[in-house]
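Structure first, then comments.
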Amino acid sequence: MRRGWYHSRFLKAPAMGKARFTQPIETLQEITADVLKRAREKGANACETEASHGYGQTVSVRKGEVENIEYNRDKGLSVTVYIGAKKGHASSSDLSPRAVADTVDAALSIARFTAADDCAGLADPELLCREVHDLDLFHPWELPVERAIEMARECEAAAFRLDKRVVNSEGASVSCQQNQFVLANSLGFMGGFPGSRHYVACAVIAGEGDGMWRDDWFVSKRSPDELPSVESIGEYAGRRALSRLRSRKIDTITVPVLFEAPAANGLLSHFTSAVSGGSLYRKSSFLLDSLGKQVFAPIVNIAERPHLPRGMASSYFDDDGVATRDRDVVRAGVLQGYFLSTYSGRKLGLKSTGNAGGSHNLIVAPGEHDLSGLIRLMGRGLLVTELMGQGINPVNGDYSRGAAGFWVEDGEIRYPVEEITIAGNLRDMFRGIVAVGTDTLVRGARECGSVLIDKMTVAGH
């Protein structure tokens, strides 16, 4: 999830002097050029390669004491070569000239012993990205470790200050990460740029009597100036844990279910997996042959917006170098397009959609109500705030997961519930969406508000 395109031109972040990359992006360009040259000289008819470098720092505290201080400085090289329709891949964490040469040779050796695959090969030249854009993705955070420790302590302390019933902690973390890369292939494509990702997280435990309930919260942004205060993150994590005190069990019942935004994000991930090329050509998807068909309720609209400034999944090209573009993936509930890489597209007899490596800023259009409004709209049912387990069958769409949340009566939250299972089928769940909330939340490549589904089976005791 990175990307831009640069024919010998590369985006450089503002204030690059603040970055602490041990190797400038020009060195990564030279390495990828050397890889392409050696692969060609050694008999490959096509080659693609990526060189990257990153560094960062993560600090974790628990109950006010420093638990971990982690510094990372990573380098990587991946090489894919093609000899006819045979493919070989090798990688290395060493960017020295000898290691680069050995990695190319290893990829070539593998290719000679693999079976031919007519769908293998580089992207179609006409699909490669040909423009330079600045998506404002690089904001290095020069955070002294002493200050990072102080921030993590302040985050956790905010949760403990809320109430004496916040009795324990799984810790608070502050992390700042920077990376840069160059992607190139033997069709003349070469592109790359620096990027950053920073986050603050807190997880605490509230207790009363013999009961203990855990909850957490985190926020991740490209730029540190977009992060909320660490105190607000810790306080919110504490409030979430406290709200679960005195959780009850409920009887088995069929009712509407409201997925809070973090849980609704997971529903969106099941959709993207089902309409991604790998699942489709392997016939392991419950949404086979769904293009142009109704897969969601008519109120649902989902767009892919790869070019959002500072977007967590913004990119002008995918992992194949194919240009990304704005598009409607779902319009009025009807599926408009799959998520295809070059390879999966060929397997399906279709063109790449610029999704090698995944989706780019997938956004579910919000409706009219915030979370409180959705609770009132539901009237009676279950608000799900946490999901557990992996009870999803990707082939037929059957869905069954452990859950926790709140019971709602007369449009108001009555009490927290635990030890329940929610069950249904994703086909029915998608078509049964009644409303999408305005409480949109970004989690990785997805942005979605809370989602109200007309009915599901809630299994209690």
> If we keep just the residues of region 337-380 that are basic (Lys, Arg) and under 30 Å from Glu418 (Cβ atoms), which is least open to solvent (accessible area, probe 1.4 Å)?
Replying inline: Arg380
> Quick one: is Val334 crowded, with 24+ Cβ neighbours inside 10 Å, of a type outside the set (Phe, Trp, Tyr), over 20 Å from Val442 (Cα atoms) and touching a residue at least 24 places away in the same chain (Cβ under 8 Å)?
Replying inline: no
> Taking region 54-102 as the region of interest, how many residues are in a strand (DSSP E or B) and crowded, with 17+ Cβ neighbours inside 10 Å?
Replying inline: 22
> Out of region 167-184, which residues are surrounded by fewer than 22 Cβ atoms within 10 Å (Cβ to Cβ) and over 22 Å from Leu227 (Cβ atoms)?
Replying inline: Val167, Asn168, Phe181
> Which is out of contact with any His (no Cβ under 7 Å at 6 or more places or on another chain) and at pLDDT below 95, of Arg431, Arg401?
Replying inline: Arg401
>> Scan region 118-125 and tell me whether some residue there is on the phi < 0 side of the Ramachandran plot and open to solvent by less than 10 Å² (accessible area, probe 1.4 Å).
In response: yes
> Among the candidates Glu146, Glu131, which residue alone is open to solvent by 80 Å² or more (accessible area, probe 1.4 Å) and closer than 29 Å to Ala323 by Cα?
Replying inline: Glu131
> Restricting the search to region 86-139, which residues are among the hydroxyl-bearing types (Ser, Thr, Tyr) and either more than 26 Å from the chain's Cα centre (by Cα) or within 26 Å of Gly349 (Cα to Cα) (or both)?
Replying inline: Ser96, Thr103, Ser109, Thr114
>> Return the pair list, or none, for Cβ contacts closer than 6 Å from residues in region 135-147 that are over 15 Å from Tyr71 (Cβ atoms) and touching a residue at least 40 places away in the same chain (Cβ under 8 Å) to residues that are of a type outside the set (Ser, Thr, Tyr) and not in a loop (DSSP other than H, G, I, E, B), at least 6 apart or on different chains.
In response: Leu137/Gly195; Phe138/Pro194; Phe138/Gly195
> Looking at (1) more than 30 Å from Glu126 (Cα to Cα); (2) touching a strand residue (DSSP E or B) at 6+ places or on another chain (Cβ under 7 Å); (3) assigned to a loop (DSSP other than H, G, I, E, B), can you tell me which one Asn265 breaks?
Replying inline: (3)
>> Could you list, ordered by first residue, the pairs with Cβ atoms under 6 Å in which the first is in region 209-220 and at negative phi and the second is of a type in the set (D, E, K, R) and open to solvent by less than 80 Å² (accessible area, probe 1.4 Å), at least 6 apart or interchain?
In response: Trp213/Arg244; Asp215/Arg240
> Within the set of pairs 6+ apart or on separate chains, which have a first residue in region 396-412 that is over 22 Å from His369 (Cβ atoms) and open to solvent by 10 Å² or more (accessible area, probe 1.4 Å), a second that is of a type outside the set (Gly, Ala, Ser) and part of a loop (DSSP other than H, G, I, E, B), and C-beta atoms under 7 Å apart?
Replying inline: Asn396/Phe286
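Would you confirm, using the coordinates I've provided, whether Leu340 is over 28 Å from Val384 (Cα atoms), among the aliphatic types (A, V, I, L, M) and touching a residue at least 24 places away in the same chain (Cβ under 8 Å)?
Here the answer is yes, as Leu340 does meet what is asked.
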>> Residues that are in contact with a His (Cβ under 7 Å, 6 or more places away or on another chain) and open to solvent by 10 Å² or more (accessible area, probe 1.4 Å): does region 311-318 have at least one?
In response: yes
>> Looking at Arg401, Arg414 in this structure, which one is over 22 Å from Phe271 (Cβ atoms), among the basic types (Lys, Arg) and assigned to a strand (DSSP E or B)?
In response: Arg414
> Taking region 357-392 as the search range and keeping residues that are part of a loop (DSSP other than H, G, I, E, B) and without any contact (Cβ under 8 Å) to a residue 60 or more places away in the chain, which one is farthest from Met312 (Cα to Cα)?
Replying inline: Gly391
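Criterion first (touching a Phe, Trp or Tyr at 6+ places or on another chain (Cβ under 7 Å), under 19 Å from Gly424 (Cβ atoms) and surrounded by 18 or more Cβ atoms within 10 Å (Cβ to Cβ)) does Leu383 satisfy it?
In short, yes.
The values are calculated or read from the model by the stated rules, or taken from the named source; none is laboratory data. Nothing here was measured: the structure is a model prediction, and the numbers come from that model. Backbone-built Cβ (ideal geometry, glycine too); neighbour counts: all protein chains shown. Calculation scope for accessible area: heavy atoms of the full protein, side chains included, ligands and nucleic acids excluded. Shrake-Rupley method; radii C 1.70, N 1.55, O 1.52, S 1.80 Å.
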